[in-house]
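The values are calculated or read from the model by the stated rules, or taken from the named source; none is laboratory data. Since this is a predicted model, take the numbers as computed values, not measurements. All Cβ positions, even for glycine, are placed from backbone atoms using ideal geometry, and neighbour counts span all protein chains on display.
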Amino acid sequence: MPIKKINQWIKKAPAHSEDSSSMISLVRYLLFAWIPYYCAVLIYTIIRGYFSYSAVIAIAVVIYAIALNLSYKIRVRTCAFIVILTTIASTYILTYGFGWRCSFQNMIYIAFLVLWYDAMSSLKVKISLSLIITAIFLSLSTLTPFGGTILNPDSLEFRLLVWANIIEFSICLSLTAYFYCTLYVDVERTLRINNKQLKLMSETDTLTGLMNRRFAQNELQDIEKAKDISFISIAIGDIDFFKSINDTYGHDCGDYVLSELAELFKSSMTLPNFVARWGGEEFLFVFVNKNGDEALLLLEDLRNKVRNFDFKYKDKSFNVTMTFGLEEYSRTIGTVSTIEAADKKLYFGKQAGRNRVVF
C-alpha cells in the first residue's frame, strides 16, 4: 500500500466526532512504531529461548493490534488507555528481566506524554494517573537489577539491544514531539487567523469593505495627533435619491450600488487619503495634507466619475449622482465639529438641487 494511503488511513477521523483527531493519529503512529519493533524483539526472544518474555511480548503485540483496529470504532480515550496500560505492563516485565541499562523503561515516558496530550481529560485525572505511573516507575527502578538477569551487560548482544531500544524510543519520542509541535502551531495559526478576522470585522463595513464609522473615527484621532500633517479636509458624501433606487429596483440593487461605489472610491482615494462608510448611503472622505481648495478639485473629479458611471443590475441600466459637503479642518474646532460642518454643507447641497460639492 502506498505511503500516502497509509498516512490517510492513520489520520482517519475517530468514530466519535467530539474526540480529538490529532490524539488518535498520535496513538496510531505510535502503534505503527511499536508493533513492528515488538515483533522483532519477539523473534529475538524466541530464537534465544526466552519464552516467558516471548509470551509477554506476543500478548503486547496482539493487544496493540486490537487497539489499532478498535481505534476506528471506540472512544479515543479508551484506546489510549489500553495502549498506555499495555506499554507500562510490558515495559515493566521486560525491564525487570533485561535490566535497567537495557532501556525498555524509556517507553513509560511516552505513556506519560500520551496521557498529557489528551485535551479532554481533566487536570485532576492527569495528575492522578501521572502519580500512579511515577510510583510504578519508582518501584521498577528499585526492584530491577541494573544489568539485568539474562544477558551479560558487557556483551555485544546486550549493547545491540540497548541501541535498538534507544533508537525505538527516539522514534516514538520524535513522533510525540511532532504531534505536540503540530498541535501548538495549528492552534497558534488558528488564533492568528481568528484574530485577524475579528480585527477586520471590527474595522470594516461588511457590505462595502470600506472602513466602518468607528475605525474611521479612530483614524481621525491618530491624524489629529500627528505633527507632520499641515492640512486635513473632511467631506461627507450622500447618494442622491437612494431611497428611490431601493423602492424601484429593490434593496439588493441598493446594496449593489453601494458596493460598486465603494470600489470606485477605493481606486480614487489614494493613501494617505481614505474613505469610510459613515452610515446608510453616506460616506466620509478624508484628505490628508490637502487644503479645502485641493480637496474640492478631487471631490469634483470624483463626483463626475460617479455621475458618469453606468450601473447595470440584472436587465436594468441606470446612473446615480452624489452630493458632497466639504470642510477644512482646524485644530480649534477639532474633527467632530469639522464633520458636523461638512454635514451641514451636505444638507445645503441637497436643498440647492443635489449633484454638487458645497465648500
When you scan the range 77-100, do you find a residue that is outside any helix (DSSP H, G or I), surrounded by 13 or more Cβ atoms within 10 Å (Cβ to Cβ) and either at pLDDT below 90 or not assigned by TED's automatic domain parsing to the domain that holds residue 173 (or both), even just one? yes
For residues in the range 326-359 being part of a loop (DSSP other than H, G, I, E, B) and either among the hydrophobic types (A, V, I, L, M, F, W, C) or in contact (Cβ under 8 Å) with a residue 12 or more places away in the chain (or both), which is nearest to residue 232 (Cα to Cα)? 329
Hey, residue 104 buried (at least 17 other Cβ atoms within 10 Å of the Cβ) and out of contact with any His (no Cβ under 9 Å at 6 or more places or on another chain) or not: yes
Going residue by residue through the range 270-286, is there one that turns out to be part of a helix (DSSP H, G or I) and under 24 Å from residue 298 (Cβ atoms)? no
Considering only the range 298-312, I want to know if a residue exists there that is surrounded by 15 or more Cβ atoms within 10 Å (Cβ to Cβ), within 27 Å of residue 228 (Cα to Cα) and among the aromatic types (Phe, Trp, Tyr). no
Counting only residues that are among the aromatic types (Phe, Trp, Tyr), in a helix (DSSP H, G or I) and surrounded by 17 or more Cβ atoms within 10 Å (Cβ to Cβ), how many does the range 38-53 have? 3
Name the one entry in 188, 224, 219 that is modelled with pLDDT under 85, part of a helix (DSSP H, G or I) and closer than 30 Å to residue 331 by Cβ. 224
In the range 59-73, what residues are surrounded by fewer than 17 Cβ atoms within 10 Å (Cβ to Cβ) and either more than 20 Å from residue 43 (Cβ to Cβ) or in contact (Cβ under 8 Å) with a residue 12 or more places away in the chain (or both)? 59, 65, 66, 69, 70, 72, 73
Given the structure, is residue 170 loosely packed, with under 13 Cβ neighbours inside 10 Å and either in the same structural domain as residue 50 (by TED's automatic domain parsing) or part of a helix (DSSP H, G or I) (or both)? yes
Return the only residue of 271, 210, 258 being aliphatic (A, V, I, L, M), surrounded by fewer than 16 Cβ atoms within 10 Å (Cβ to Cβ) and under 33 Å from the mean Cα position of the chain (by Cα). 271
Could you list, in sequence order, all residues of the range 111-133 that are without any contact (Cβ under 8 Å) to a residue 24 or more places away in the chain and closer than 30 Å to residue 44 by Cβ? 112
Across the range 191-207, which residue is modelled with the lowest pLDDT among those that are more than 16 Å from the chain's Cα centre (by Cα) and either surrounded by 15 or more Cβ atoms within 10 Å (Cβ to Cβ) or of a type in the set (A, V, I, L, M) (or both)? 201
Residues (in a strand (DSSP E or B), at pLDDT 95 or above and hydrophobic (A, V, I, L, M, F, W, C)) located in the range 302-325: 322, 324
Where the second residue is assigned to a loop (DSSP other than H, G, I, E, B) and at pLDDT 85 or above and the first is crowded, with 19+ Cβ neighbours inside 10 Å and lies in the range 14-30, which pairs have Cβ atoms under 8 Å and are six or more apart or on separate chains? 14/71; 14/72; 24/71; 27/71; 28/71
Six or more apart or on different chains, Cβ atoms under 7 Å: show the pairs whose first residue is in the range 238-264 and more than 18 Å from residue 315 (Cα to Cα) and whose second is in a helix (DSSP H, G or I) and not β-branched (Val, Ile, Thr). 238/346; 242/254; 264/305
Pairing a residue in the range 271-290 that is farther than 11 Å from residue 205 by Cα with any residue that is basic (Lys, Arg), where Cβ atoms lie under 9 Å and the two sit 6 or more apart in sequence or on different chains, gives 273/290; 275/266; 281/243; 283/277; 284/213; 284/277
